[in-house]
Each structure stands twice: as structure tokens, then as C-alpha cells.
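The values are calculated or read from the model by the stated rules, or taken from the named source; none is laboratory data. All values reported here derive from a predicted model rather than from experimental measurement. When we count neighbours, we look across all protein chains shown, and the Cβ atoms used for this are built from the backbone with ideal geometry, even at glycine.
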């Protein structure tokens, strides 16, 4: 079965509307469609989708991954801690920046973490786990992910 690649996603022919979609649409798909419309807040779906996206990214190093994250306007990532067992990646200007804090105060950027997980698993050649530990949507100044190597 033929499948789309990341390179296929870069081929666009939208002469009138261009290659960008509004952040409101992305937020609506993620938070209303998936988070509110799927069982368990769509967690299983976003993790599966995010990992697959991460695996498909054409990156050969962590630096390339972080640069692509910014180029794709996912956010502005920066490694804030690193040792042989763990990396912490802070993401400024994440898609959730500016959203109101909900009463439940749950972290909502699981797709972005899963993208990191898929890409890093491919880069390291072994399974890594990524967990969101800070989120703008819970009142934090930035989103942050803990990567266990």
C-alpha cells in the first residue's frame, strides 16, 4: 500500500490560499474535534498520530529536529536539561499559548510530545518516552517535555 511521506506534505498547489492555515483551525481540530470528540480525550489517537509524524520527519540529529519544530511553527524548542538518562525540552510559543486555563488544568500538548517521541526514537535507534511536565494551558510560562532515554 502506498503511503504519504513528509516530503509529499511539502508539495502544495494552493495559488489563492497559500500554504498556511489559521491557528484557530488547528486548535479546533485538536481541542474540540479530537480532545472533546474522541474517547479518553483522544489521547490514544494523538499519541499514535504524533509518533507516526515524528518517525516520518527527515531529521538526522536532535538539532535538526529542534530546528524543524520551529520551522513548522510547532513552537520554539530549547534543551533546558540534559544528562545520559534524560533530556528536558522547553517549548516557547506552543500552539496552546494564550488559551484560557480550564478548571481541570490538564496538559493538552500530547501530540507535540508524541512527535518528539517518534522522532527521537528513530534518531536514537531505541524506544524513548516523552512526557509533558509543563503546559501553558495549566498556567505555566512554557510547555516542557521530559525525555527518558
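The table below lists the values:
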{"read-out": "Number of the condition not met by residue 70 [criteria: (1) in a helix (DSSP H, G or I); (2) closer than 24 Å to residue 24 by Cβ; (3) touching a residue at least 40 places away in the same chain (Cβ under 8 Å); (4) in contact with a strand residue (DSSP E or B) (Cβ under 7 Å, 6 or more places away or on another chain)]", "value": "(3)"}
{"read-out": "From the options 83, 93, 63, residue that is modelled with pLDDT of 95 or more and either surrounded by 15 or more Cβ atoms within 10 Å (Cβ to Cβ) or closer than 18 Å to residue 26 by Cα (or both)", "value": "93"}
{"read-out": "Members of the stretch 20-35 found to be part of a loop (DSSP other than H, G, I, E, B) and either closer than 14 Å to residue 98 by Cβ or touching a helix residue (DSSP H, G or I) at 6+ places or on another chain (Cβ under 8 Å) (or both), listed by number", "value": "22"}
{"read-out": "Residues that are out of contact with any strand residue (DSSP E or B) (no Cβ under 7 Å at 6 or more places or on another chain), more than 18 Å from residue 46 (Cβ to Cβ) and not in a loop (DSSP other than H, G, I, E, B), drawn from the stretch 107-149", "value": "122, 123, 124"}
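Let's see how each residue does on (1) assigned to a loop (DSSP other than H, G, I, E, B); (2) in contact with a strand residue (DSSP E or B) (Cβ under 9 Å, 6 or more places away or on another chain); (3) at negative phi:
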| residue | (1), (2), (3) |
| --- | --- |
| 55 | no, no, yes |
| 59 | yes, no, yes |
| 84 | yes, no, yes |
| 99 | yes, no, yes |
| 102 | yes, no, yes |
| 105 | yes, no, no |
